[in-house]
Amino acid sequence: MNGPFDFTLAIGDDALIAAQRLAEWTSHAPEMEEDIALANIALDQLGAARLLLTYAGELEGAGRDEDALAYLRDDREFRNCLLVELPNGDFAVTMVKLLLLAAYQVPLYTALAGCADERLAAIGAKARKESAYHLDHASLWVKRLGDGTEESHRRTQAALEQLWPYHHELFTADPAAPVDPATLRADFDATVSAVLDEAGLTRPEGGWAPAGGREGVHTEELSYLLAEMQVLHRAHPGARW
Amino acid sequence: MSQESTPLWEVFVRARRGLSHTHVGSLHAPDAELALRNARDLYTRRQEGVSIWVVPAGAITASSPDEKDAFFDPAADKVYRHPTFYEVPDGVAHL
Amino acid sequence: MYGNDFAAEDAPGGGLLGQVEAAEAALREAAARGRRGAPEPGEDLEAYFADVIDADQKIEPRDWMPEAYRRTLIRQIAQHAHSEIIGMQPEGNWISRAPSLKRKAILLAKVQDEAGHGLYLYAAAETLGISRDELVELLISGRQKYSSIFNYPTLTWADVGAIGWLVDGAAIVNQVPLCRCSYGPYARAMIRVCKEESFHQRQGYEILHTLSHGTPAQKAMAQDAIDRWWYPSLAMFGPPDGDSTHSAQSMAWKIKRFSNDELRQRFVDMCVQQAEILGLTLPDADLRWNDERQAYDYTQPDYDELMRVIKGDGPCNRQRMEHRRRAHDEGAWVREAAAAYAAKQAERQKEKIAA
């Protein structure tokens, strides 16, 4: 990655794909109250995605707006991390994924809020508060699932084993970016460790660190997600909605 | 699962500074922490509140003033929730 | 504001939202007017109840009420709540494919509101002495119904617009009078719901307006949606007055304020002009103004079809119920975990205090 365009596009794609996955929960949540919470978080991610993609389009200067970027790129052109495109799985997978994502987004947006680029700083200041809420929500649930029943503990540990390798990609060094992701790692580690300890969950071992999202090399999942998300928009080229 | 394993909580919201908390309804949550979060999501989607109490049988739990930012600000920009956000073409009645 | 009651139609921000605000004002006024205290010892409770209703005061949860009043309300509020929850599905079907990010955000917020409305209404029903678990069980066992409109499929994006404009429009016409219902918790929930639903109807209308002024394919999509949703929307007001079983008693109790046919007529009269501005056609060749009645003559929906759908043979009844059951079943382990955690925490708290 280099420059503010790639960086803005990457974190905008993170938020967009996370929103698309979270919105899949609508009317499926384990409690009706939780349906509302998940929709709120999806709306926050979508809101951040729109601001970031709009700004990315301006930085690029090729006349692409948020919808052109969201609907008219193929999977090889998306720059989101692999973590957000992985399927929702059960509620444990979704909550562990949200915990990892929010524990990364909180220090990311906090750092952005203080960066030299005014637009990114404004987006960071707004999104930071939302991410704090997502982190709070995910932490509450991971503690309850980890320290709930035997079944919930087993499912949550399994979710952690599945997702843990994907968090490494979030912190790939990029000294040229407005915020170097490598600098966020300590904050992430401290946050996640505290939650996992309280939840009675064990941090997985192992060196596998899948990556490639930031270069447009994704898992097989993303293409399906995009096919669904883009189908209507692409069926009516140039139409207004 | 056993019947009634998720307790009922009554929710009180302070709409603005200077007003008292007002009862707005109830909801279900397994514990106080989640009840408070659920209340925020359910009863303050349109910035209806600056503070929430959730009350199980006999006990009161309130959101702390320190949490206010992350708790209530996210709703500020969701203007599409308010009916005045929509462009209604001139002359359309009863909408 | 005193007298807003009558000025509602012309009030600023008038229309349906004005009527909701008028109902809210009336609720406050009634509460302030010569309040009836608790019944005297030995007073005839039925007469006391009738007094409160006559005075347009609200019945509150701990008041004495006839058992049939309680049962009628539980059934009506529960079915209303179920409708909101099941109603999330047909529109939720298009969240993932919404054609712009703005539309995706609006639709997601709207479907989220439906969940919220369901919960407000379940909360109102619970004040009558039935639990959420019982209500959920009544829904997923099929013993209580939800609005049959949600048993129709959403086949195109324009259906999201048609649901907003026609289905939410019909729902609001039905619900606005309920803001004046004699049962306090229901009336208050309806005021809140109606205020929020007004956004739903406008977003639906805006979708259709954009489509009908878009490409020929978009306009055709909008017309097709209206062709499919018009009659089912008319059927939402229920069977014609002559065949409606619960109406008379509900009117006397001020649970219901207008008859099915009155509300249906009001809805038709509203839609005609709105359809003209859309440049779309309501699929009724016999729709015309009747100067004598000062209302539109229109073709009745197929009530046999309505009965078939209510009985379970609509296009999507099985799918909707299966979806709700699956969400409930798959969530069981999460609810159990949360309950187990709460119990452990309570235990730890006790030990801490004991120590």
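Averaged per residue, the protein assembly as shown has 40 square angstrom of accessible surface, using a 1.4 angstrom probe with ligands and nucleic acids left out.
Please state the shape class of the stretch C:16-314: rounded when a/c is under 1.5, otherwise prolate if a/b exceeds b/c and oblate if not, all from the C-alpha gyration tensor. Cα axes put the stretch C:16-314 in the prolate bin. Packing, as the average of other Cβ atoms within 10 Å across residues, places the peptides C:153-166, C:276-289 in the order C:153-166, C:276-289, highest first. With a 1.4 Å probe, what is the total accessible area buried between chains C and A, in Å² rounded to the nearest 100? Looking at C and A, the buried total is near 4100 Å². One equal scatterer on each Cα of the stretch C:176-327, no solvent, Debye formula: the resulting log10 I(q)/I(0) at q = 0.09, 0.20 Å⁻¹ is -0.38, -1.43.
If you roll a 1.4 Å probe over the protein assembly as shown with all protein chains in place, what percent of the accessible area is carbon or sulfur?
Numbers: 14490 of 27560 Å².
Whole-percent figure for carbon plus sulfur exposure: 53.
Dividing the mean sequence gap of close Cα pairs (under 8 Å, 6+ apart) by how many residues chain C holds gives a relative contact order of 17 percent. Contact order for chain A, expressed relative to its length and based on alpha carbon pairs under 8 Å spaced 6+ residues apart, stands at 25 percent.
When its C-alpha radius of gyration is set against 2.2 N^0.38 Å (N residues), chain A gives a value of 0.98. Accessible-area loss of 40 Å² or more (1.4 Å probe, protein heavy atoms, chain alone versus all protein chains) is found in the stretch A:24-53 for A:T26, A:S27, A:H28, A:P30, A:E31, A:M32, A:E33, A:I36, A:N40, A:L43, A:L46, A:R50. Take C:84-94, C:45-55 and order them by the average number of nearby Cβ atoms within 10 Å per residue, most first; the result is C:84-94, C:45-55. By definition, a body whose alpha carbon gyration tensor gives a ≥ b ≥ c is oblate when a/c is 1.5 or more and a/b is not larger than b/c, and the protein assembly as shown fits this oblate description. The peptide list A:88-95, C:257-264, put in order of mean Cβ contacts within 10 Å with the highest first, becomes A:88-95, C:257-264.
Across the residues of A:233-239, average count of Cβ atoms on other protein chains within 10 Å? Before the final figure, lay out each step's value.
Numbers: counts 7, 1, 4, 7, 1, 2, 8.
For this peptide, the per-residue mean of nearby foreign Cβ atoms is 4.
Nearest 500 deg cm²/dmol is fine: what mean residue ellipticity at 222 nm does the protein assembly as shown get from its DSSP H runs of n ≥ 4 alone, each adding -39,500 (n - 2.57), divided by its residue count?
Numbers: 26 runs with 397 residues, N = 691.
The helix-only estimate for the protein assembly as shown comes to -19000 deg cm²/dmol at 222 nm.
Does the stretch C:53-154 classify as rounded, prolate or oblate by the C-alpha gyration tensor (a ≥ b ≥ c root eigenvalues; a/c under 1.5 gives rounded; else a/b over b/c gives prolate, otherwise oblate)? It is prolate, given that a/c is not under 1.5 and a/b is the larger ratio. For the stretch C:109-118, backbone phi angles converted through the Karplus equation (6.51, -1.76, 1.60; θ = phi - 60°) give residue-by-residue couplings of 5, 5, 5, 4, 4, 4, 4, x, 5, x Hz, Gly and Pro being listed as x. Summed over all non-identical Cα pairs, the Kirkwood treatment of the stretch A:46-179 gives a radius of 16.4 Å.
Association of chains B and C removes close to 3200 square angstrom of accessible area from solvent, both sides included, for a probe radius of 1.4 Å.
Shielding value for C:90-98 is 5, the average number of Cβ atoms from other chains within 10 Å of each residue's Cβ. For A:K97, a cut-off of 14 angstrom between C-alpha atoms picks up these aspartates and glutamates, skipping any fewer than 8 places away in its own chain: A:D14, A:E85, A:D136, A:E161, A:E169.
Take each residue in A:81-89, count the other chain C-beta atoms within 10 Å of its C-beta, and the mean is 0. If you take the Cα centroid of the stretch A:68-91 and the Cα centroid of the stretch A:199-241, the two points sit 2 Å apart. A straight Cα-to-Cα reach below 18 Å connects C:K104 with the lysines B:K78, residues fewer than 8 places away in its own chain not being considered. Helices meeting the span-like rule in chain A (full DSSP H runs, Cα extent of at least 24 Å along the helix axis, mean Kyte-Doolittle score of 1.6 or higher) are absent. Taking 0.36 nm per residue of separation and subtracting the current Cα-Cα distance, fully stretching the chain between C:D313 and C:K344 would add 6.5 nm. In summary, the lysines within cross-link reach of C:K256, defined as a Cα separation below 26 angstrom excluding same-chain residues under 8 places away, comprise C:K58, C:K145, C:K195, C:K311.
The values are calculated or read from the model by the stated rules, or taken from the named source; none is laboratory data. As the structure is a prediction and not an experimental result, all values here were calculated from the model. Cβ: placed from backbone, ideal geometry, glycine included. Neighbour counts: every protein chain shown. Just the protein is used for accessible areas: all its heavy atoms, side chains included, with ligands, DNA and RNA removed. Shrake-Rupley method; radii C 1.70, N 1.55, O 1.52, S 1.80 Å.
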